[in-house]
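Just below is one structure, and these are the notes that go with it.
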Amino acid sequence: MKTVIGVRFKEGGKMYFFDPGEFDIKEGDGVIVETSRGTEFGDVIAAPQEIEDDKIIAPLKSVVRIATPHDREQRDKNRAKEGEAYEVCMEKIAAHNLDMKLVDVEYTFNGSKVVFYFTADGRVDFRELVKDLASVFKTRIELRQIGVRDEAKMLGGLGSCGRPVCCKQFLADFTPVSIKMAKEQNLSLSPTKISGICGRLMCCLKYEQDAYESMRKQMPRTGREVITPDGVGTVLENNVITERTRVRVALSDGTFDVRDYPFRELHVKGGSARPAKEEMPEEQDDIMEDEALAALVDESAPTEGENAKPREKKRRRSGSKEHKKEQGEQKEQREVKEQREPKKKKEQPEAAGDGAPEGESRDEAQGDEPRSSARRRGSRGGRRRHKPHKAAEDGAGAPNAAPQGQQE
């Protein structure tokens with residue numbers, strides 16, 4: 001927490017914080033402070049107070065001194081010079097034939113610089129203008145281009161409500177305003193009715209926007225069916241200012257009537273008091289997941305074939321305890337099934353050889369594979385086609401086949 005005072009340099013301008021130091025400063029006093037533009041004279045509009053550090057724009061500068069009567073005379077002289085500088089600058093702009101509109105002129109407190117504010121549609125080459133002004137005033141010259149809102153803030157005027165414009169009276173900064181705000185407040189979309197003297201959307205559209213948004217979230221939407229004290233009806237429109245809703249009600253005799261009700265007396269038809277998923281407690285959320293999983297398990301689903309794959313994919317997405325338990329049971333069933341399949345394969349050859357002698361069945365079992373393999377080799381063509389015939393002719397003399405081949 002730091003002790004600061006609020007200082008304003010222009011009427012209707014922004015308030016800046018300064019450290020009062022050891023001076024006894026009261027509201028309405030004049031002070032001399034150091035700014036980015038140099039030494040300035042300011043009026044105290046907020047007495048010394050303590051504020052939090054995050055609301056202070058660093059660095060916090062201190063007050064140089066309390067203004068004296070001589071300082072006030074100097075400020076009055078500078079304001080008189082500003083009028084003369086305005087006339088001279090207008091003549092120079094016309095002489096150079098520049099497409100720009102001069103808005104205001106400002107002298108710094110010590111007279112070291114003169115600032116000219118102007119508006120223009122695009123960029124303006126005013127280098128020659130600056131040279132002419134510097135030769136006349138014999139000091140530093142600064143030309144600053146501003147927008148139409150800043151122009152209205154400097155010049156002031158009366159708004160469509162008949163009062164002085166807000167930006168001149170109390171607005172420190174300009175807040176963004178959109179046409180959506182006018183639509184939500186059911187205002188006319190005619191530019192002449194929702195625009196200020198600057199030609200932009202009026203700043204006052206932002207004042208009640210938060211209240212409209214908050215109220216529209218509570219009121220039923222247009223087109224929804226609601227239950228009224230007189231029966232079921234359809235929402236036609238909402239009036240945020242009166243907090244009433246216009247409903248087309250179906251009466252008991254079969255006719256329809258349009259009536260207005262306070263929106264708190266209406267209930268949305270088919271609406272559920274169930275909280276949203278974000279606000280739902282974790283325990284209740286787990287119970288709902290378990291119920292949904294139980295409903296999936298109770299359904300008749302195939303356990304084999306391709307039709308079972310989509311069901312398994314859906315269950316894998318869930319990470320509940322019952323799902324993990326079900327996966328474990330399915331894994332055990334697969335292991336038992338795999339253990340039974342090898343036993344069945346072993347029993348099949350024994351069952352096929354029960355009707356024949358043991359010797360024949362063994363010979364057939366041993367001879368089946370060489371014959372099938374020989375047929376496969378013979379079907380490939382080339383030299384391998386003659387190898388089975390050569391082996392059959394040699395018979396028992398197979399060991400002598402290698403020397404015969406060497407002799408050939």
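Quick check, is D132 acidic (D, E), under 24 Å from E84 (Cβ atoms) and out of contact with any Cys (no Cβ under 6 Å at 6 or more places or on another chain)? Taking the combined requirement at face value, the residue satisfies it.
Of everything listed in (1) under 26 Å from E40 (Cβ atoms); (2) outside any helix (DSSP H, G or I); (3) over 41 Å from the mean Cα position of the chain (by Cα), the single unmet condition for L98 is (1).
Within region 182-224, the set of residues being open to solvent by less than 60 Å² (accessible area, probe 1.4 Å), touching an Asp or Glu at 6+ places or on another chain (Cβ under 9 Å) and part of a helix (DSSP H, G or I) comprises E184, Q209, Y212, M215.
Only one of the listed residues (E50, E22, E40) is in a strand (DSSP E or B) and open to solvent by 70 Å² or more (accessible area, probe 1.4 Å). That residue is E50.
Looking at region 97-107, which of its residues are in contact (Cβ under 8 Å) with a residue 24 or more places away in the chain and surrounded by 15 or more Cβ atoms within 10 Å (Cβ to Cβ)? Of everything in region 97-107, those that are in contact (Cβ under 8 Å) with a residue 24 or more places away in the chain and surrounded by 15 or more Cβ atoms within 10 Å (Cβ to Cβ) turn out to be L98, M100, V103, D104, E106, Y107. Counting only residues that are under 28 Å from the mean Cα position of the chain (by Cα) and open to solvent by 80 Å² or more (accessible area, probe 1.4 Å), region 158-181 holds 3 of them. Residues that are out of contact with any strand residue (DSSP E or B) (no Cβ under 7 Å at 6 or more places or on another chain), surrounded by 13 or more Cβ atoms within 10 Å (Cβ to Cβ), not basic (K, R) and not in a loop (DSSP other than H, G, I, E, B) do occur in region 144-152, at least one of them.
All of (1) among the polar types (S, T, N, Q); (2) closer than 22 Å to T139 by Cα; (3) open to solvent by less than 60 Å² (accessible area, probe 1.4 Å) hold for N110 with one exception: (3). Annotation note: of L98, L102, the sole residue that is of a type outside the set (S, T, Y) and within 28 Å of F9 (Cα to Cα) is L102.
Counting the residues of region 54-76 that are in contact with a strand residue (DSSP E or B) (Cβ under 9 Å, 6 or more places away or on another chain) and not polar (S, T, N, Q) gives 13.
In region 120-134, which residues are hydrophobic (A, V, I, L, M, F, W, C) and either closer than 16 Å to K101 by Cβ or not in a helix (DSSP H, G or I) (or both)? Please lay out each step first, then the result.
Here is the first cut: in region 120-134, the ones hydrophobic (A, V, I, L, M, F, W, C) are 120, 124, 126, 129-130, 133-134.
Within region 120-134, A120, V124, F126, L129 qualify.
The values are calculated or read from the model by the stated rules, or taken from the named source; none is laboratory data. Just so we're clear, the structure is a prediction, and the values are computed from it rather than from any experiment. In this analysis, Cβ positions are derived from the backbone assuming ideal geometry, glycine residues included, and neighbour counts consider all displayed protein chains. Ligands, DNA and RNA are stripped out before the accessible areas are found, and what is left, the full protein with its side chains, is counted by its heavy atoms. Shrake-Rupley method; radii C 1.70, N 1.55, O 1.52, S 1.80 Å.
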